[in-house]
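Before any comments, here is the structure.
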Amino acid sequence: MLKKSLSLTLVLVLLAVALPGGVSARDEVTIRYFNFSSDPDHIEDLAEMVALFEEANPDINVEVSSAPYADYFTLLQADFVGGDPPDVFELNYENFVSYAANDVLLDLTPYLAEDTPYYPRALEAFQYGGIQGALPETFSTVLLFYNKDLFDEAGVDYPTADWTWDDAMAAGEAITVLGDDTWGLYSPIQFWEFYKKAGQNGCQFFNDDMTESTINEPECVEALEMMVSFMDGDVMPDELELAGLPNEELFAQGDLGMLVTGIWMFALFADAPFEWDIELEPGLANKGHHFFANGIAVAADTDHPAEAAAWAQFLTASREAATIRVDTGWELPALDQPEYFEAYLAMDNPSNRAAVFQALESPITPPVIERQNEMQDIVNDLLSAVAIGELDPQTALDIAKDELDALIQ
Amino acid sequence: MAGQRGLQKWGWVLVFLAPSLLGLLVFMVGPILYSLRLTLYDWNLLSDPDYVGTANFVELYHDDTFWTAFEHTLTFLLFYIPSVLVLALLTALLLNRPLRGIAFFRAATFVPVVSSWVVVSLMWRWIFNPRYGLLNFGLAKIGIDGPAWLFDPDSALHAIIIASVWKDIGFIAVMYLAGLQNISHTYYEAARIDGAHPIQLFRHITLPLLTPTTFFALIISLINGFQIFEQAWLMPERFARRGTTVVVEQIVNNAFRYNRMGYAATMSWVLFGVIFAVTLVQLALQKRWVQYEQ
């Protein structure tokens, strides 16, 4: 009997020790923030933002955890399945809709200060089903990178902001003839490039009310035909001619005249042994540029919505966070505040950094549906078939239409 | 009284089994049963599972991508199984000779087996590279214009088969080697006295007495072959993937990229059913050709 009551006491004591020590006088709140964009290069920069935020909000603690992009969404999903999601977390634009459609995101509209300087287009991108499901954190885009030395050697004029793909093709032809292993142009044949080129030709993958796919409309077919024509015209190497060499590497080696790729490649080309610059991407019927964005979302069932929203807003819209992002060469904040970017614009190599912001004037956001990855795989698979000549563009896109129609039902 | 003691005994058995039994139940049996239940649900991990009855099975029946993947898996097995068995047997015969330094060669044949597929894939990607690779260089020397291998959907699966056979020879060869060393010398001696020559010895003594090993190797290779994944995921270039997608790749895609857990579970159970059926047929047929020593 004594033994029993002793052990009972022991258990009670242990419980008392293990339980949180009551609410402290200051009512401090801890919010958990999960992200991929700081991992691995910007962990310290993020810590600096946290420090600044906690300084301004002494009652809020931010507990950061990070994972590399490749693992991030698996981990995030596991947190949701386990019923213990982080309070605040990063979402890229393509994954945003799946989360928003499953009602797991907090509507941030009530917490949003009126004068937040987001690019309106970026803010709209993270609205879904009538709620502001996330705040735009950063953006990125894709431009035309060109090797000035090869242009000089071929005696053709540098690209300009109002080039069309015909101009690019002509310049590419002149550069290709410079040598056996020299190529004029590279623009990958995949989902991301295709929806953009289709957009440049005024074609979208789906109709406005998302009831049907329009991917096999003549304008889309024409855009795809043009993409393949770079390869058929021998201005662009095919997979076999590259034989495993990444296209960025081909450009970095100085063997490629023009490359369509993202502004995140600046660092890779910084030490290139030739002169290079960037320009707006050539267009078809109109101009069009990728608008890639990361957003910050708050879990719908967080215990501290106001504090979580405050952190989300600080991360995305504060001058402090913006300055850290620009200064450390992290991604660019999606803010319509030219003065935040002066240092960035003044940097060299590439010197035409204004193009990065000009691209924002003709944004094309990716088609986004709930079954996003399936759509991408279907389109990529069919584009592969076109690239190796197994299917012609029209047939491939007819098949794509049927399969995408099935996906959105 | 006896009943109570029996109960007590089993209680202790359970206590001692608990550490590993619990792990098995929680991490193996539980998920397996749960996945069986999931075949009747639509579950995207974020919302609660939706009961859909047999809809997953109906969809699978009409899913061209899945059946294409199934066809690729069967093509893989068709070429892989005979090649790996024959080559492993030949290797085992060579390794069974009383040569100086044979231990080294035995160890060397096993190196590919213990190597990671990630490393092996990288190596074979270089060998198969149509422009810089060793294989097409060698073929060119003897006047053959090699295929584009991993760059071409028509030849990529064959490249994967070649790499897989190379990697697994050592594993099967070890089984054959054990089988060979179990054959009693008396059979050979008796046959030689009767005037049998080496080919007859092989045909009438070695092969029949190895059939239990062959049977075992066949079942193991079939089960592993149906589950081919890493090499098909890692080796082919992007445009060639059309020709190499396999069943487990579809399962991984549906479960972890498309968030369709129920559908992926359905695929898994169909694959399990096929492997189970094939193995049952194997077991039923073994009487006809497997000879166990008396």
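The values are calculated or read from the model by the stated rules, or taken from the named source; none is laboratory data. Being a predicted model, the structure only gives us computed values, none of them experimental. Using ideal geometry, Cβ is built from the backbone for each residue, glycine included, and neighbour counts are taken over all protein chains shown.
A compact table of results
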quantity: Any hit, the range A:237-253, residues being among the polar types (S, T, N, Q), away from chain B (no Cβ under 14 Å) and free of Cβ contacts under 8 Å to residues at least 12 places away in the same chain; calculated: yes
quantity: Selected residue (only one of A:260, A:221 is of a type in the set (Val, Ile, Thr) and farther than 23 Å from residue A:160 by Cα); calculated: A:221
quantity: Elements of type helices (runs of 4 or more DSSP H) contained in the range B:194-265, each with 1 or more residues being of a type in the set (D, E, K, R) and away from chain A (no Cβ under 14 Å); calculated: B:230-234
quantity: Test: residue B:159 is under 30 Å from residue A:81 (Cβ atoms), in contact (Cβ under 8 Å) with a residue 12 or more places away in the chain, surrounded by 15 or more Cβ atoms within 10 Å (Cβ to Cβ) and within 14 Å of chain A (Cβ to nearest Cβ); calculated: no
quantity: Residues within the range A:271-290 that are in a loop (DSSP other than H, G, I, E, B) and of a type in the set (Asp, Glu), tallied; calculated: 3
quantity: Residue count, the range A:200-228 (criterion: in contact with a strand residue (DSSP E or B) (Cβ under 6 Å, 6 or more places away or on another chain) and without any contact (Cβ under 8 Å) to a residue 60 or more places away in the chain); calculated: 0
quantity: Counted residues, the range A:369-392 - those being within 12 Å of chain B (Cβ to nearest Cβ) and assigned to a helix (DSSP H, G or I); calculated: 15
quantity: Flag if residue A:182 is in the same structural domain as residue A:247 (by TED's automatic domain parsing), under 26 Å from residue A:353 (Cβ atoms) and of a type in the set (S, T, N, Q); calculated: no
quantity: All positions within the range B:81-131 that are of a type in the set (D, E, K, R) and without any contact (Cβ under 8 Å) to a residue 12 or more places away in the chain; calculated: B:97, B:100, B:131
quantity: Single unsatisfied condition, residue A:267 versus (1) surrounded by fewer than 20 Cβ atoms within 10 Å (Cβ to Cβ); (2) in a helix (DSSP H, G or I); (3) in contact with a strand residue (DSSP E or B) (Cβ under 6 Å, 6 or more places away or on another chain); calculated: (3)
quantity: Subset tally (residues that are under 29 Å from the mean Cα position of the chain (by Cα) and either away from chain A (no Cβ under 14 Å) or exposed (fewer than 10 other Cβ atoms within 10 Å of the Cβ) (or both)) for the range B:140-153; calculated: 0
quantity: Output for the range A:242-264, where each listed residue is assigned to a strand (DSSP E or B) and touching a helix residue (DSSP H, G or I) at 6+ places or on another chain (Cβ under 8 Å); calculated: A:256, A:257, A:258, A:259, A:260, A:261
quantity: Test: residue in the range A:122-137 that is away from chain B (no Cβ under 14 Å), hydrophobic (A, V, I, L, M, F, W, C) and in a loop (DSSP other than H, G, I, E, B); calculated: yes
quantity: Residues within the range A:309-334 that are of a type in the set (A, V, I, L, M, F, W, C), farther than 28 Å from residue A:276 by Cβ and in contact with a Pro (Cβ under 9 Å, 6 or more places away or on another chain), tallied; calculated: 3
quantity: Flag for residue A:293 being part of a helix (DSSP H, G or I), aliphatic (A, V, I, L, M) and closer than 30 Å to residue A:101 by Cα; calculated: no
quantity: Of all residues in the range A:57-78 being under 21 Å from residue A:108 (Cα atoms) and of a type outside the set (S, T, N, Q), the one that is surrounded by the fewest Cβ atoms within 10 Å (Cβ to Cβ); calculated: A:59
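Yes/no per residue for (1) surrounded by fewer than 16 Cβ atoms within 10 Å (Cβ to Cβ); (2) assigned to a helix (DSSP H, G or I); (3) at pLDDT 95 or above:
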| site | (1), (2), (3) |
| --- | --- |
| A:308 | no, yes, yes |
| A:312 | no, yes, yes |
| A:325 | no, yes, no |
| A:329 | yes, no, no |
| A:340 | no, yes, no |
| A:345 | yes, yes, no |
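Rundown of residues vs (1) closer than 20 Å to residue A:188 by Cβ; (2) within 13 Å of another protein chain (Cβ to nearest Cβ); (3) of a type in the set (D, E, K, R), yes/no style:
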residue: A:347; (1), (2), (3): no, no, no
residue: A:361; (1), (2), (3): no, no, yes
residue: A:394; (1), (2), (3): no, no, no
residue: A:402; (1), (2), (3): no, yes, yes
